[in-house]
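Please treat every number below as a calculation from the coordinates, not as lab data. Predicted model only: the values in this text are computed from it and were never measured. Note that we place each Cβ from the backbone using ideal geometry, even for glycine, and neighbour counts take in every protein chain shown.
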Amino acid sequence: MRVVGWTLALVVSLLLTAVPHVAAQPRPGAPGAARPAPLVRELGVEGNRRVQEAVILGAIQTKPGAVFNPSALSEDLRSVFALGFFDDVQMRVEDFEGGVKITFVVVERPFVRDVDFTGNKKIDTEKLREKIDIKLGRVHNPVDVQRAREKLKEHYEEEGYFEVQITPETDKFSDGDVRVLFSINEGRRITIDKIVIHGNKGLTDKQIKAAMATQEREYFVFRGTVQRQRLEDDIERVISLYNDHGFIQARVESHDIQTDREKARITVTLNVVEGPQYRVGDVKLAGVTLLPEAEVRRQVRLKTGDVFSRSELRDAAKRITDLYSTIGRASADVAPRTEQHPGAQRVDVVMDIAEGPEVYVERINVTGNVRSEDKILRREIPMAEGDLFTLQKLQRARQRLVNLGYFETVDVTTQRGADKTKIIVNVEVTERPTGMFSIGGGFSSVDSFVGTIDLSQRNFLGRGWEVALRLRGGGVSQSGSLSFTEPWLFDRPLSAGVDLFNVRRQFPEYDVESLGGGLRLSHPFGEYWRWHTGYRLAQEKIADVDDNASPALREEEGSRLTSLVSGALSRDSRDNIMSPTRGGTTNLSAEFAGLGGDSRFAKTIASTAYFRPIWLNHIVSGRAEIGYGFGWSDEPLPLFERFYLGGPNTIRGVKFRRISPVDESGTRIGGTSEILGNVEYIVPLPLQIRLAAFFDIGNVYGFGTKFDPTQTREAAGGGVRWNSPFGPIRLDYGINLDRRKGEDFGAFHFSVGSPF
């Protein structure tokens, strides 16, 4: 900016303009007096090519008709320059229609027409473009260019090119625009040959190196690279590591980088001063009145005689804060501190607790929902403005929003409200596509190859409605279904749905077809519970019964009308219904057929499943299930309602429905009761992949097979799960541990969804 230039021009212009007026205008009552200051008649702009005149005049406070004020115009000049579009701004003052005309004369900065790189061989140009923030068509700013140079240099150093030299250059086009060119001399890729630790006795080299992000090259394949900022952060990591092992006075006295230019290798040296190792003395609590002291003390896992850990002290403070939040005291303040014993390597741990008042929800902010109506989210949040805030409600809110399946991410955070008694809840979501239309094919170990047409929308019109049309056809099964669900009927948490279906399936022993529809209602109660009720009316047809089957089984052949009512209680505390890691489900269901129609039976199933994380985010899960059904009015349990085991969701060592009582001809006829147990050990991997080992046990009884829980079938095996964009996909192989004559050694299963 030419400050001297435009200031001098302003002064000269003012003098040239003001002197004639002073000479010509006498003061009232006194000859030769000065005239009043002139008015600004017009504002103009010269020199602008791309920047619109309205943008420039919008930065000017002086308006036509205002009194000519040199101080105000000086500020206007600064404001125009501060827009950042100009290399120079000057002002011209001229007589105009009995006043003055002010013209702002600008010299525009060039615009960036092109950004290019030369000399880069190891890192491609597109990757380098991603690292800088210089956009085509923007004003050229040397500060932005230097900032881009630093980002490029930082990226090269992260890749190990520690000798890189980057020189930005600017080439002008004929119209004044510029091309920014970064000339790069990459140099050699320098790797870390070794990291040397001096002065450490309490901790090993291996422990210290494991805490650092800077790593040595290993086995001449995984090459470590050095980056200055990362190394500075490593110093803090090393100090934190020592603090967590009782060395509260530890420090990194110095660090050094030595470069072997000939071999392109670096040696990083850390000089550590450890100091003494401290252990925990007494653990004291102060300020506890609302909760049992023993309960608060349980949150502090440091015990007398333990090696002191600063991170464990911070974690204890957070656990105590969370504990108070469960009783509505979210403003509780926990200040951990240590008291050092003079002359002894021991520190007392003191938790100063200010319990604070009860905290109420001041406001709930919901952001990120573009398609979903606000109320769709708010009705899942178990608190409203004015309610007592608790941590359980906050966690439950996130869990319920995640389980809707509408969102890619759900972040639920809090901030302090107007005072200590109020809190603001912020819910930020990222929506995911909830509709699906697909035409394709697939394979499963149960249905073999199938063709599919799916049209579904889980958040129809953004109102939470679920609509689905599904058609499937394969060699052994064909099905079609149309369903609609309103999860909040009459704006109450009453879920209502209607289903129409037609299912045909071929089993080795017979074929079954079911055509009908149903109505559903469910309502939550308590924290995780929900009751369900429904009605189903279906035409069931049994055909092609095996010729060798018993007379009792052949009697099942034909059509019958089933009119059935059902009821169920369920509890679901899983953190994620698609890939659960904690929590569980419990279901107790009962069905009764005989209110009209031809079928006469009752059936009940009870099941429970549980998921628990253990070390390293590994998960142990299990399920137990028992079922029983019977016919009434002198009728047996219908064939299509009987129990079978085997397949991807029950006993995985045998194929689908292969565990069943048989008649005298050896034909599987299903059972009237079942027991089933599954245990899984799950190991999470990157890319939404999980490995699983499992053990299954169970059996089916009835129709000549005595119920005996000690007579079971067992299987064990392993599998892979992938939480794909289309849902959880499972690949399992189970070994038949109780192999019978004619059975295979094991069974392979490919399926979609969770096993339980």
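So what does the Cα-only Debye profile of segment 112-185 read at q = 0.15, 0.19, 0.23 Å⁻¹, as log10 I(q)/I(0), no solvent term? Ignoring solvent entirely, the Cα scatterers give -0.47, -0.73, -1.04. Values of log10 I(q)/I(0) for segment 360-431 across q = 0.15, 0.16 Å⁻¹ run -0.44, -0.50, by the Debye formula with one identical scatterer at each alpha carbon and no solvent. Over all distinct Cα-Cα pairs of segment 279-354, the Kirkwood formula returns a hydrodynamic radius of 12.6 Å. Our analysis of segment 586-626 gives Rg over Rh at 1.35, with the two radii drawn from alpha carbon positions and Rh computed by the Kirkwood formula. Here segment 638-655 and segment 122-169 have alpha carbon centers that stand 62 Å from each other.
Would you please classify the overall shape of segment 584-703 from the alpha carbon gyration tensor, given that a ≥ b ≥ c denote the square roots of the eigenvalues, rounded means a/c under 1.5, and beyond that prolate means a/b larger than b/c while oblate covers the rest?
Prolate shape, in that a/c is at least 1.5 and a/b is the bigger ratio.
Take the convex hull of the alpha carbons in segment 641-707; its mean projected area over all directions comes to 5.4 nm². When every Cα-Cα distance of segment 507-752 is counted in 10 angstrom steps from zero, the calculated P(r) takes the values 7, 26, 33, 26, 8, 1 percent. When each full DSSP H helix of the chain is screened for a Cα extent of at least 15 Å along its own axis and an average Kyte-Doolittle hydropathy of at least 1.6, the helices passing are 3-24.
For segment 341-346, 3J(HN,Hα) computed residue by residue from phi via the Karplus equation (6.51, -1.76, 1.60; θ = phi - 60°) reads 7, x, x, 10, 8, 8 Hz, glycine and proline entered as x.
Cross-link list Lys393/Lys422; Lys101/Lys172; Lys151/Lys194: which exceed 23 angstrom alpha carbon to alpha carbon?
Lys101/Lys172; Lys151/Lys194
Amide H contacts under 5 Å for Asp598: Leu561, Thr562, Ser563, restricted to partners 5 or more places along the chain or on a different chain, H placed in the peptide plane at 1.01 Å from N.
Annotation: amide H of Val654 within the under-5 Å range of Gly647, sequence separation 5 or more or interchain, hydrogens built in the peptide plane.
For Lys153, a cut-off of 18 angstrom between C-alpha atoms picks up these lysines, skipping any fewer than 8 places away in its own chain: Lys121, Lys122, Lys127, Lys131.
Straight-line cross-link reach from Lys284 at under 27 Å between alpha-carbon atoms covers these lysines, not counting any fewer than eight positions away in the same chain: Lys303, Lys318, Lys420.
Kirkwood analysis of the Cα pair distances in the chain returns a hydrodynamic radius of 34.6 Å. For segment 552-558, putting each phi into the Karplus relation 6.51 cos²θ - 1.76 cosθ + 1.60 with θ = phi - 60° gives couplings of 4, 6, 5, 5, 6, 5, x Hz, in residue order, rounded to whole numbers and with x for Gly and Pro.
For Lys741, the lysines whose Cα comes closer than 24 Å to its Cα, not counting residues fewer than 8 places off in the same chain, are Lys655, Lys706.
Which order do peptides 77-86, 340-349 fall in by mean Cβ count within 10 Å, highest first?
The peptides rank, most packed first, as 77-86, 340-349.
Roughly how far apart, in whole Å, are the Cα centres of segment 286-319 and segment 506-564? Rounded to whole Å, the Cα centres lie 57 Å apart. Percent of Cα-Cα pairs more than 14 Å apart in segment 546-612, please. Everything past 14 Å amounts to 70 percent.
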